[in-house]
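A short worksheet on the structure shown next.
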Amino acid sequence: MRPRRTEAEWRADVAAEIAEVGADAAATANLTKEIRVAVDAHPRLARWLDEDRGWPELVLLRRFTDRLGHAGKLGFWRPGPIGGVGAIVIDVTRELPVDSYFHELGHDTHLRGLRPSPIDTMITHAFETATTFPAEMMRTNPREYFAEAFMADMQYGRALRRIDPHAYKLVRNVLAEMGVE
């Protein structure tokens with residue numbers, strides 16, 4: 001695994017990636033609006049991001065190369081400094097970029113800050129006791145379990161409650177622990 005890059009190295013790699021594969025200004029503007037509308041549907045989450053937490057930086061690319069270490073993925077989250085704002089990078093040519101955004105925001109919500117935390121314990125316990133996995137990626141590990149549950153809750157509302165009450169309760173409990181619910 002590649003060692004973590006400095007902020008300057010990260011910025012240089014992103015600039016090189018944009019130069020090589022391109023970023024679509026119109027897609028960026030449209031997706032940014034779509035994301036804001038989706039987040040605003042959850043007023044407490046929107047207020048938390050606006051006033052307390054800060055929005056992760058959004059980088060939209062036409063595809064990923066190996067330069068950023070995530071070739072072939074839909075998106076990824078890059079942590080910022082401890083407690084600081086990270087970045088969400090999304091391939092805008094793939095299906096469901098807003099779902100990808102919420103999945104990565106789930107990682108940001110879970111992983112930003114000091115670790116281990118009570119939230120880690122909640123997520124690990126929920127993963128270990130889960131009996132249903134509506135998305136295959138949820139089977140991977142506790143981080144992916146939570147990120148997929150968070151995305152499903154944010155994008156598809158209370159449907160998660162019907163499909164997977166265990167995952168729904170986890171998202172509600174994590175948001176309550178963070179003071180969002």
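Once you put a point 7 Å from the Cα of Ala176 and another 7 Å from the Cα of Ile163, both along the Cβ direction, what distance in nm separates them?
2.3 nm
If contacts are Cα pairs under 8 angstrom and at least 6 residues apart, what is the relative contact order of region 115-181 in percent?
Relative contact order, region 115-181: 30 percent.
Sort 125-136, 38-49, 150-161, 97-108 by packing, meaning the average of other beta carbons within 10 Å per residue, with the highest value first.
97-108, 150-161, 38-49, 125-136
Bear in mind these aren't lab numbers, they're just calculated from the coordinates by the rules spelled out. What you see is a predicted model; the values in this text were computed from it and never measured. Neighbour counts are summed over all protein chains in view; Cβ atoms, including those assigned to glycine, are modelled from backbone coordinates with ideal geometry.
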